[in-house]
């Protein structure tokens with residue numbers, strides 16, 4: 001009796017389970033049919049479409065409805081040339097802090113738990129104005145001497161100031177700047193620290209600080225000159241608003257019967273400074289006339305022998321000979337994401353003083369133009385190294401990289417460093433050799449390692465055609481080649 | 001008719017065979033009991049420089065580290081981290097780390113093996129009017145648990161060829177010769 005009761009109870013349980021099993025898929029089908037289709041309306045922002053001046057934060061909101069389960073929002077921005085995934089997550093809002101000036105559009109793609117995806121339309125274009133503009137007062141710091149020798153730095157300063165005034169820039173006067181530097185005990189003029197950036201905004205009223213580094217000044221034949229310059233915004237968040245560099249040699253463009261030979265370094269210096277000021281003027285949207293017909297963003301430019309900013313000939317970009325001989329890239333790097341990078345001065349294994357700093361500047365100059373990267377101002381990196389008492393003999397250790405990249409210091413995703421083995425720029429054929437390492441913050445792993453070596457006569461077969469005359473030009477091309485492989 | 005062996009001929013053949021056997025050399029050593037597949041991370045220590053070129057060891061070590069990392073088979077620690085590890089175990093002798101130092105270093109850096117190396121030749125050599133670049137490198141891998149050598153190899157590349165003697169030209173660029181030698185070493189490690 002007990003057995004029969006138990007058996008009939010089990011049979012009833014089986015029937016119930018069977019009924020449930022039949023009901024569940026139909027419920028699922030019903031719920032799928034019942035879920036409203038996923039759809040997104042137009043995006044809204046708190047900027048109301050007005051131009052915003054960097055640094056700024058704009059809140060974007062998406063109004064999406066329907067779909068089943070949790071929704072994942074993928075926010076994208078479209079700049080002058082690149083489409084970048086900015087934020088992925090469950091939030092229907094995105095606080096956008098644009099890292100560069102330009103005209104941008106924004107869109108969101110939403111995915112529900114069944115994998116259904118729907119995207120909004122691209123927003124109306126929104127103009128982001130640069131942190132430093134042509135109307136801003138500029139503090140021109142005395143040029144940093146990276147030649148390793150005595151060099152006419154005062155002449156560089158005078159020429160720079162004169163050319164800037166000629167182009168209509170407003171500068172902080174010499175006496176005020178000297179007094180400011182004395183008051184704040186500023187000796188290092190190779191970068192802008194956070195304290196200096198704040199003080200120059202508050203005390204000088206300057207919107208930006210110009211940092212110039214004289215790499216080479218050689219008067220003996222053939223004369224050679226090389227310079228870096230960058231404009232760093234002042235205030236609480238100093239950042240590189242513009243950067244360019246020039247390397248010129250007296251025998252760089254000889255032309256017919258060597259009539260193009262330049263015999264004095266002073267002439268080269270003037271041409272170099274002309275070129276840099278023209279490049280800066282082109283980069284500021286207020287001076288549109290100066291930019292025509294070239295677009296300063298996205299298009300690689302360099303100075304020619306006439307001291308004019310020109311677009312690089314297409315053949316110059318991506319020349320295989322300037323790419324690294326050996327390279328490793330970890331799959332951890334996502335080329336569609338945005339990264340912030342701190343470039344630590346390279347270890348110098350050469351006899352050339354400041355070679356490590358110079359290669360670091362070459363990489364900053366290349367990387368600062370890329371829309372996927374935010375490059376930290378070297379002055380801030382130096383400040384962080386000093387504050388954390390970081391002494392590096394052979395590049396940053398993982399501990400150093402962690403300290404530098406933490407949110408309390410620089411808050412960057414990548415720490416780039418390396419070693420320079422050769423930087424021959426004073427006599428004979430230029431030679432440059434360096435290695436690069438990039439450590440990623442979250443994993444503390446090396447995500448990029450490469451070794452590059454080139455000479456100025458690589459690939460030159462006939463009559464010196466294609467010779468690179470300065471180590472500056474060579475290193476610049478090698479840094480570009482490395483960066484191209486890195487981002488490919 | 002029974003064939004007669006010439007004793008003098010046999011002697012000559014024997015001498016040649018013995019001589020050739022002496023010439024044969026194998027410049028690679030693998031510890032037979034080592035499971036190389038279990039290695040995931042290595043630290044490449046600064047190489048010793050026995051060449052006349054300043055910084056040759058740094059150059060070769062750096063290129064070797066990059067190329068080893070580029071194989072994707074092993075994770076190579078960045079040089080700064082290796083320098084930090086060395087500072088924790090104290091000074092390492094020119095001849096290489098002791099067993100205790102290898103064990104300490106591997107533990108400090110959390111790696112499976114330590115690689116040391118010696119650059120014996122680096123730079124141009126001259127013979128008469130001809131010159132060419134040459135490199136000679138030897139590398140050892142030391143295992144973390146007992147500090148013993150589990151792999152050792154050497155490579156020599158470049159040098160003056162018949163073509164160089166006839167035509168001149170100075171041989172291959174130093175960097176190409178170095179990359180060739182490192183590729184040879186990596187072939188010996190993974191081959």
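The values are calculated or read from the model by the stated rules, or taken from the named source; none is laboratory data. From a predicted model like this one, the values you see are computed outputs, not experimental measurements. Glycine also receives a Cβ, built like all others from the backbone with ideal geometry; neighbour counts cover every protein chain displayed.
Here are the numbers for this structure:
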| read-out | value |
| --- | --- |
| Output for segment A:377-403, where each listed residue is within 18 Å of residue A:195 (Cα to Cα) and within 13 Å of another protein chain (Cβ to nearest Cβ) | A:385 |
| Of all residues in segment A:420-431 being closer than 18 Å to residue A:395 by Cβ and touching a helix residue (DSSP H, G or I) at 6+ places or on another chain (Cβ under 6 Å), the one that is farthest from the other protein chains (Cβ to nearest Cβ) | A:423 |
| Residue under evaluation residue B:28, criteria (1) modelled with pLDDT under 90; (2) within 12 Å of chain A (Cβ to nearest Cβ), criterion not met | (2) |
| Check on residue A:102, surrounded by 13 or more Cβ atoms within 10 Å (Cβ to Cβ) and either under 30 Å from residue A:233 (Cα atoms) or within 21 Å of the chain's Cα centre (by Cα) (or both) | yes |
| Selection status of residue B:80, within 14 Å of chain A (Cβ to nearest Cβ), more than 16 Å from the chain's Cα centre (by Cα) and more than 30 Å from residue A:415 (Cα to Cα) | no |
| Residues within segment B:31-50 that are within 14 Å of another protein chain (Cβ to nearest Cβ) and in a loop (DSSP other than H, G, I, E, B), tallied | 4 |
| Condition check for residue B:71: surrounded by fewer than 20 Cβ atoms within 10 Å (Cβ to Cβ) and facing another protein chain (nearest Cβ under 10 Å) | yes |
| Residue match in segment A:460-476 (condition: surrounded by fewer than 21 Cβ atoms within 10 Å (Cβ to Cβ) and either within 14 Å of chain B (Cβ to nearest Cβ) or under 30 Å from residue A:85 (Cα atoms) (or both)) | yes |
| Given (1) within 30 Å of residue A:459 (Cα to Cα); (2) surrounded by fewer than 24 Cβ atoms within 10 Å (Cβ to Cβ); (3) within 14 Å of chain B (Cβ to nearest Cβ), number of the condition residue A:438 does not satisfy | (2) |
| The listed residue being within 14 Å of chain A (Cβ to nearest Cβ), at pLDDT 90 or above, under 28 Å from residue A:421 (Cα atoms) and buried (at least 20 other Cβ atoms within 10 Å of the Cβ), out of B:179, B:139 | B:179 |
| Top-ranked residue of segment B:51-64 - restricted to ones that are part of a helix (DSSP H, G or I) and at the interface with chain A (Cβ under 7 Å from one of its Cβ atoms), ranked as nearest to residue B:182 (Cα to Cα) | B:63 |
| Matching option when the condition is modelled with pLDDT of 90 or more and at negative phi, among B:17, B:69 | B:69 |
| Residue within segment B:92-107 that is closer than 25 Å to residue A:445 by Cα, assigned to a helix (DSSP H, G or I) and within 11 Å of chain A (Cβ to nearest Cβ) present | no |
| Test for residue A:417: is it touching a residue at least 24 places away in the same chain (Cβ under 8 Å), more than 13 Å from every other protein chain (Cβ to nearest Cβ) and either under 17 Å from the mean Cα position of the chain (by Cα) or crowded, with 23+ Cβ neighbours inside 10 Å (or both) | no |
